[in-house]
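A short worksheet on the structure shown next.
The values are calculated or read from the model by the stated rules, or taken from the named source; none is laboratory data. Just so you know, these numbers come straight off a predicted model, no measurement behind them. Positions of Cβ are backbone-derived with ideal geometry, glycine not excepted, and every protein chain shown enters the neighbour counts.
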Protein chains: 2
Amino acid sequence: MNRRLRIFAPATVANLGPGFDVLGLALTSPGDIVEAELSDRPGVEIVDVTGDQGLLSRDPVENVAGGAAADVLRRAAQKDARLSSHSGIRLWVHKQMPLASGLGSSGASSAAAAVAANELLGRPLSPLELVLSAMEGERAASGTPHADNVAPSVMGGIILVRSYDPFEIVSLPVPTNLRIAVVHPHCKVSTAEARTLVKNCSYGLDTIVPNLGNIAAFVMALCSGDLGLLGRAIDDRLVEPVRAASIPGFDAVKNAALAAGALGCSIAGSGPSVFAFASDDESAHRIGRAMQSAFKSSAGLESDLHSGQVSALGARVV
Amino acid sequence: MNRRLRIFAPATVANLGPGFDVLGLALTSPGDIVEAELSDRPGVEIVDVTGDQGLLSRDPVENVAGGAAADVLRRAAQKDARLSSHSGIRLWVHKQMPLASGLGSSGASSAAAAVAANELLGRPLSPLELVLSAMEGERAASGTPHADNVAPSVMGGIILVRSYDPFEIVSLPVPTNLRIAVVHPHCKVSTAEARTLVKNCSYGLDTIVPNLGNIAAFVMALCSGDLGLLGRAIDDRLVEPVRAASIPGFDAVKNAALAAGALGCSIAGSGPSVFAFASDDESAHRIGRAMQSAFKSSAGLESDLHSGQVSALGARVV
């Protein structure tokens, strides 16, 4: 009988203010579950998808989990021909987080499927290769294989994508008392549309220089544990000003977060979720509640709150 | 009899690849000397300037050292009225490094004059305030009060300017085995002209994102001591491509540095000096000699080499 694995991959927050396309972190919850087993039929089969309200493709080429698992198979076969010829993979994808939320939903499915496939094949791939496979899955969702969601979903922690070509990622230190509150309002922003909104923007150095200063300060703050500096560094002049207009109530929510004591606040990924940093659990929860109230009062939106630590763990067998 | 102080302020390398206007470091040499004494005549008087081949103004309003010292007097008087009413400052500026070299020549004179004035007045200003005063001096040279030269010249080490408004600087850690080679070819690039060249450029996110990744990686590398990562992070897509054309032989010099084992190589400030990082003294010297040879063979330029550690010390009494 085939062994069926069950993998959890965490939701993630990308960009983190000044770090468009290069910074992301893993949340402790929510996350997606992918079940997987080896199959005699070559290739990837998606047996079922739950929790997506029928919105996601079951075609393994168009589904991020399918694309990620297929890329793991391909890479594994390059390393060891015995892994390729007869085995395929069957996947069950259980969405446990909303689509188009800014929380790296497609990235979590990609990461879970990549790690599941790797586990079934006996772990032929390195974490870096798993990130690359998960990026291939992401290509199906956004058209662009960016890594700022899948890298932390695979590896946990806070990840810097130093370079896409050649591809290099760096794990950044996580201060022990860092906490995050993420509020997901019940409205949708398409990642692909959000990327289109910014990809034609152009910026002068006057606008770019503050982001250079802030992302550098953000990394220094992670290394030194200076959470005040970390908060001041959450200041994005490039993307937040463009995307904020597509999130109903954003200004009110950010103001509410800062008024409630948030160290810093910005858009999670391409939105509409909004995150804030705090220095203890109680503050993170209080700030999150203030953000929820502001979404309700300023835009009439219900929302979900996730608050807690950055997850040190990435995608894993559960 | 008046006490006359003698202050040395180090040359600096700004930008450091990905960090346009926000990163800079102090060299152990060269540097400028400013002598200063209190005077009964209010305001700042520049008694003499040596080593400038007559190029710098002796008018204290137009000379960076005069501007910096005057700003120290102004700030000191705001703190303590007794410091203002009767005292002025007389300065002797001894240029010991070439003008318009990319080595922060005007910044070193500004820093030395600011520290000299502060010492004479009994140290009323903090290091941050001294940086602000030295920036006011710099305004006379470049029209823009940027801090990436004066901050390391005042404070030593490697400095990040997180933000200009509000003004905030952060000292970054310096790995113990980091070495730098800086080669100054005997040609000139005006800081003001170099800034004009880039200030009208505009950039899409595709170009900006690599700099965000690289400056973040540069800071992480300083914190972790990973000099390989530090070298890979010296990759500037914003300013180097624009300014390289104004430095004769730049491509050959950079290639020579990398071929000789440099960790990374880019333009010092607005050029024409070029810097490279290395992991020991012998390598730094060898790399510097290779860069000198390349300036000579590719552009017929003689040059000066400075190689060694990053200076932990900034402007100081000598």
Revision key, fill the gap. Going through (1) touching a helix residue (DSSP H, G or I) at 6+ places or on another chain (Cβ under 7 Å); (2) assigned to a strand (DSSP E or B); (3) more than 14 Å from every other protein chain (Cβ to nearest Cβ) one by one, B:Ala114 fails only at (2)
Check your understanding: From the list B:Cys201, B:Cys187, which one is touching a residue at least 12 places away in the same chain (Cβ under 8 Å) and farther than 26 Å from A:Val219 by Cβ?
Key -> B:Cys187
**Study point:** Residues located in region B:8-22, provided they are of a type outside the set (Val, Ile, Thr), assigned to a strand (DSSP E or B) and closer than 13 Å to B:Val150 by Cβ
**Key:** B:Ala9, B:Pro10, B:Ala11, B:Ala14
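For region B:178-212, what are the residues that are within 25 Å of B:Ile287 (Cβ to Cβ) and within 8 Å of another protein chain (Cβ to nearest Cβ)?
Matches in region B:178-212: B:Pro210, B:Asn211.
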Check your understanding: For region B:191-213, does any single residue satisfy the condition of being at pLDDT below 95 and touching a Pro at 6+ places or on another chain (Cβ under 9 Å)?
Key -> no
Revision key, fill the gap. Of (1) more than 17 Å from the chain's Cα centre (by Cα); (2) within 14 Å of chain A (Cβ to nearest Cβ), B:Leu120 satisfies every one except (2)
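Which of the residues that make up region A:262-312 are among the aliphatic types (A, V, I, L, M) and more than 20 Å from A:Asn149 (Cα to Cα)?
Taking region A:262-312 first, the residues among the aliphatic types (A, V, I, L, M) are A:262-263, A:267-268, A:274, A:276, A:278, A:284, A:287, A:290-291, A:294, A:299, A:301, A:305, A:310, A:312.
Once the filter is applied, which keeps residues that are among the aliphatic types (A, V, I, L, M) and more than 20 Å from A:Asn149 (Cα to Cα), region A:262-312 yields A:Ala262, A:Leu263, A:Ala278, A:Ala284, A:Ile287, A:Ala290, A:Met291, A:Ala294, A:Ala299, A:Leu301.
For region A:129-144, give me each residue that is within 13 Å of A:Asp71 (Cα to Cα) and not acidic (Asp, Glu).
A:Leu130, A:Val131, A:Leu132, A:Ser133, A:Ala134, A:Met135, A:Gly137, A:Arg139, A:Ala140
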Exercise for review: Please find, among B:Val49, B:Val72, B:Val61, the residue that is assigned to a loop (DSSP other than H, G, I, E, B) and β-branched (Val, Ile, Thr).
Suggested key: B:Val61
Exercise for review: Would you confirm whether any residue within region A:39-56 is more than 25 Å from A:Thr196 (Cα to Cα), crowded, with 24+ Cβ neighbours inside 10 Å, hydrophobic (A, V, I, L, M, F, W, C) and more than 14 Å from chain B (Cβ to nearest Cβ)?
Suggested key: yes
Check your understanding: From the list B:Val310, B:Val274, B:Val239, which residue is within 18 Å of the chain's Cα centre (by Cα), among the β-branched types (Val, Ile, Thr) and over 23 Å from B:Met155 (Cα atoms)?
Key -> B:Val239
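Which of the residues that make up region A:231-252 are away from every other protein chain (no Cβ under 11 Å) and under 26 Å from A:Ser171 (Cβ atoms)?
Across region A:231-252, the qualifying residues are A:Gly231, A:Ile234, A:Glu240.
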Practice item. Out of A:Ser298, A:Ser270, A:Ser266, report the one residue that is touching a residue at least 12 places away in the same chain (Cβ under 8 Å) and either more than 20 Å from A:Gly19 (Cα to Cα) or of a type outside the set (Gly, Ala, Ser) (or both). Key: A:Ser298
**Study point:** Enumerated helices (runs of 4 or more DSSP H) restricted to region A:143-260, each holding at least 2 residues that are surrounded by 17 or more Cβ atoms within 10 Å (Cβ to Cβ) and in the same structural domain as A:Arg289 (by TED's automatic domain parsing)
**Key:** A:191-199, A:205-224, A:227-233, A:240-243, A:250-259
